[in-house]
Amino acid sequence: MKKLIVGLSMAGLLGCAAQQQSAAPSPAREPVTTVQPAAQAERTEKQVIAAVDTDYSVLFARNSASLDEAATTLLRQHAERLKANPRQQVILAGFSDSVGSRAYSLALADKRVTVVMARLQELGVARKQMRRAVAGMEQNSQSCQSEECMRLMRRVEIRYVNPR
């Protein structure tokens, strides 16, 4: 009986150690920051639409992480701005609409950020100028009923931060 208890205790300790090791972020890819939207009252659809700045938002089709021509043009403009000021940094914040589960939304938003970051790098932006953030479902996307509002929820925001 004593050997059984010791054996179970060792197995439990080994299991905990294995879980701790697998939970560490992979050194090949930086950890993704999950954005927690600020607490605020539910907004109307018009307010949600008005809050999205399309000059700083790369928009995506439903269930897609592919860049269209409008997105590529927008990214070229931001790439030029970033290359002109190498100390300038941006946070790329990925969002999705309220269709699907939270896990699916986070994964899709993360994939969108990856695509935007890769395109900016292809356009000559230094990796050190970009940081990742994923919010997944827009906090107030439940207010969205129209296709226009849902389309604006499927985006990666380019947020400029002050250079150091």
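The values are calculated or read from the model by the stated rules, or taken from the named source; none is laboratory data. Keep in mind it's a predicted model, so treat the numbers as computed, not measured. Methodologically, a virtual Cβ is constructed for each residue, glycine included, from the backbone with ideal geometry; neighbour enumeration extends over all protein chains shown.
Number of residues in segment 91-124 that are acidic (Asp, Glu) and in a helix (DSSP H, G or I): the value is 2. Against the criterion of being under 19 Å from THR72 (Cα atoms), surrounded by fewer than 21 Cβ atoms within 10 Å (Cβ to Cβ) and small (Gly, Ala, Ser), ALA133 does not qualify.
Could you go through segment 140-150 and let me know if any residue there is surrounded by fewer than 17 Cβ atoms within 10 Å (Cβ to Cβ), under 16 Å from the mean Cα position of the chain (by Cα) and either closer than 20 Å to THR73 by Cβ or of a type outside the set (S, T, N, Q) (or both). No, segment 140-150 has no match at all.
Among residues of segment 43-63 being within 21 Å of the chain's Cα centre (by Cα) and acidic (Asp, Glu), the one that is surrounded by the most Cβ atoms within 10 Å (Cβ to Cβ) is ASP53. Could you check segment 125-164 and list, in sequence order, the residues that are touching a Lys or Arg at 6+ places or on another chain (Cβ under 8 Å), at pLDDT below 90 and either polar (S, T, N, Q) or not in a strand (DSSP E or B) (or both)? Result: ASN140, SER143, PRO163, ARG164. If you go through segment 64-75 one residue at a time, do you hit one that is closer than 30 Å to ASN162 by Cβ and in a strand (DSSP E or B)? No; the residues of segment 64-75 include none that is closer than 30 Å to ASN162 by Cβ and in a strand (DSSP E or B).
Does segment 76-90 include one or more residues that are closer than 24 Å to ARG43 by Cβ, in contact with a helix residue (DSSP H, G or I) (Cβ under 7 Å, 6 or more places away or on another chain) and either in a loop (DSSP other than H, G, I, E, B) or of a type in the set (D, E, K, R) (or both)? No, segment 76-90 contains no residue that is closer than 24 Å to ARG43 by Cβ, in contact with a helix residue (DSSP H, G or I) (Cβ under 7 Å, 6 or more places away or on another chain) and either in a loop (DSSP other than H, G, I, E, B) or of a type in the set (D, E, K, R) (or both).
Are any residues in segment 78-121 exposed (fewer than 15 other Cβ atoms within 10 Å of the Cβ) and closer than 26 Å to ILE49 by Cβ, and if so, which ones?
Within segment 78-121, the first condition is being exposed (fewer than 15 other Cβ atoms within 10 Å of the Cβ), and the residues that meet it are 80-81, 84-87, 101-104, 118, 121.
Matches in segment 78-121: ARG81, SER101, ARG102, TYR104.
Could you list all residues from segment 81-125 that are in contact (Cβ under 8 Å) with a residue 24 or more places away in the chain and among the polar types (S, T, N, Q)? Of everything in segment 81-125, those that are in contact (Cβ under 8 Å) with a residue 24 or more places away in the chain and among the polar types (S, T, N, Q) turn out to be ASN85, GLN88, GLN89, SER96, SER98, SER105, THR114.
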